[in-house]
Amino acid sequence: MYKLSSLGWNSYYQNMFREFENSSLVPARVVVENKNNYVIFSEVGELMGELSGKLMFSSESQSDLPKVGDWVLVNYFDEHSPAIIQEVLPRQTKLSRKVTGAKTDEQIIASNIDTIFIVQALDETFNINRVQRSLVLVNNSGAKAIVVLSKSDLCNDIEDKLVKLRERVGDVQTISLSNVNKNGIDDILTLLEPGKTYSLIGPSGVGKSTLINSIFGDELLDTKAVREGDSKGRHTTTRRELVILPNGSLIIDTPGMRELQLWSDEESLNSVFPEIDELAVHCKYDDCTHSHETGCAVIKAIEEGELSKENYDNYLKMLKEVKYLETRIDEGKQYDTKNRWKAVKKEMKNFYKKNHKYKKG
């Protein structure tokens, strides 16, 4: 048995639930997404959930279906029957990326998260570009971002790396920690509030599952050592799972992601590169791409050494990605609209044919 507030229920979800208050539906939170069913927590306890036919067939994409962290409304019958998921409540926040490959679809990593810890190791894999890319996704999600620098026990130049990181990401909250000597673990613990939801993202091998075990105080999640030679991790977490911690906070562990293809807009990108956004106001052309134009304030700042070349290159790479994504999404919307009109015209044509025959008879 769980209190909804202990699972993260707040006034936002209560407002979303108002239209269903007089129905037989009860709220539950998705803890695990399996291939054909879900593990959900509710006021009646832990349940197995299955999609209703209506929800399954009315969903236009995978992102419309329940994901880990979602609040869903279910019909509950008894402890011997699965709960039937009828509705997914609108998400307060959602962490998404573009699916891998050529398709232009959204993949929701997790939803309804208050704070996301971006975990980056302080070993040979230290990568500020990846931190910035993660920040774009987190800013687009609506959640708060905190950068966690793990494996501090393996780093002899922490201060140098911190200086470089701050130069690139500004005043984003940053915590250094070691899962070996436990330095920094208390700094994480003080941030975790009961009823709030947190998530960890980062590549395999940076210590996400080990960190959760350190916080939990037990071997809750399986862990594996990184490969020798390149410090690259092996995938330990194979599915997303929401875990309730001893202090009442909730955390979502996610599998290590080798690819972080952007699912974001230009506003979220600019929020990670405020200095470039500020310079862009002074560009000669409103539609400046900051890549070759005469009178570009961004290029001028690079030439005069006022702007980091590494920052600029990473920004430009992601800007092209975001522009391409926006184009593909617009094309998809136009294609869907065209197909809907075709379907409407076909229905109208069939209607008039039948109506005409009826009048003739």
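The values are calculated or read from the model by the stated rules, or taken from the named source; none is laboratory data. This is a predicted model, so every value here is computed, not measured. Note: ideal-geometry Cβ built from the backbone for every residue, glycine included; neighbour counts use all protein chains shown.
Could you tell me how many of the residues in the range 175-193 are part of a strand (DSSP E or B) and within 17 Å of Ile212 (Cβ to Cβ)? Walk me through it before giving the result.
We begin by selecting, within the range 175-193, every residue part of a strand (DSSP E or B); these are 175-176.
Going one step further and asking which of them are within 17 Å of Ile212 (Cβ to Cβ), we end up with 175.
Selection size over the range 175-193: 1.
All of (1) under 25 Å from Phe216 (Cα atoms); (2) aliphatic (A, V, I, L, M); (3) crowded, with 16+ Cβ neighbours inside 10 Å hold for Val180 with one exception: (3). Taking the criterion of being free of Cβ contacts under 8 Å to residues at least 40 places away in the same chain, within 13 Å of Val206 (Cβ to Cβ) and assigned to a strand (DSSP E or B), the residues of the range 143-159 that qualify are Val147, Leu149.
Comparison of Val136, Val68 shows that the only residue that is β-branched (Val, Ile, Thr) and not assigned by TED's automatic domain parsing to the domain that holds Leu177 is Val68.
Take the range 180-209 and flag every residue that is touching a Leu at 6+ places or on another chain (Cβ under 6 Å) and closer than 21 Å to Val31 by Cβ. Passing the criteria: Thr197, Lys208, Ser209.
State the number of residues belonging to the range 267-302 that are surrounded by fewer than 16 Cβ atoms within 10 Å (Cβ to Cβ) and aromatic (Phe, Trp, Tyr). The number of residues fulfilling the criteria is 1.
Just one of (1) of a type in the set (Asp, Glu); (2) surrounded by fewer than 13 Cβ atoms within 10 Å (Cβ to Cβ); (3) at pLDDT 95 or above fails for Glu87. It is (2). Scanning the range 118-174 for residues that are hydrophobic (A, V, I, L, M, F, W, C), touching a Ser or Thr at 6+ places or on another chain (Cβ under 7 Å) and under 20 Å from Ser209 (Cα atoms) gives Ile118, Val119, Ala121, Leu122, Ile146, Val147, Leu149. With respect to (1) under 20 Å from Ser199 (Cβ atoms); (2) touching a residue at least 40 places away in the same chain (Cβ under 8 Å), the lone exception for Glu43 is condition (1). Does Ser209 satisfy being touching a residue at least 24 places away in the same chain (Cβ under 8 Å), in a helix (DSSP H, G or I), out of contact with any helix residue (DSSP H, G or I) (no Cβ under 7 Å at 6 or more places or on another chain) and buried (at least 17 other Cβ atoms within 10 Å of the Cβ)? For Ser209, the condition - touching a residue at least 24 places away in the same chain (Cβ under 8 Å), in a helix (DSSP H, G or I), out of contact with any helix residue (DSSP H, G or I) (no Cβ under 7 Å at 6 or more places or on another chain) and buried (at least 17 other Cβ atoms within 10 Å of the Cβ) - is met.
Hey, among the residues in the range 57-84 that are crowded, with 20+ Cβ neighbours inside 10 Å and either of a type in the set (A, V, I, L, M) or free of Cβ contacts under 8 Å to residues at least 24 places away in the same chain (or both), which one's nearest to Arg240 (Cα to Cα)? Only one residue tops the list, namely Val68.
Which one of Gln334, Gln261 is modelled with pLDDT under 90, closer than 30 Å to Ile113 by Cα and among the polar types (S, T, N, Q)?
Numbers: Gln334 fails: closer than 30 Å to Ile113 by Cα.
Of the residues listed, the single one that is modelled with pLDDT under 90, closer than 30 Å to Ile113 by Cα and among the polar types (S, T, N, Q) is Gln261.
Output yes when any residue across the range 107-126 is more than 20 Å from Asn34 (Cβ to Cβ), among the aromatic types (Phe, Trp, Tyr) and modelled with pLDDT under 95, and no when none is. Within the range 107-126 (the criterion being more than 20 Å from Asn34 (Cβ to Cβ), among the aromatic types (Phe, Trp, Tyr) and modelled with pLDDT under 95), the answer is yes, since at least one residue qualifies. For the range 212-253, which positions are in a loop (DSSP other than H, G, I, E, B) and either at pLDDT 85 or above or not assigned by TED's automatic domain parsing to the domain that holds Gln107 (or both)? Passing the criteria: Leu245, Pro246, Asn247, Gly248, Ser249.
Given the options Val44, Val39, name the one that is surrounded by 12 or more Cβ atoms within 10 Å (Cβ to Cβ) and over 19 Å from Ser249 (Cα atoms).
Every option except Val44 fails the conditions.
The residues of the range 1-36 that are of a type in the set (Asp, Glu) and surrounded by 15 or more Cβ atoms within 10 Å (Cβ to Cβ) amount to a single one, Glu33.
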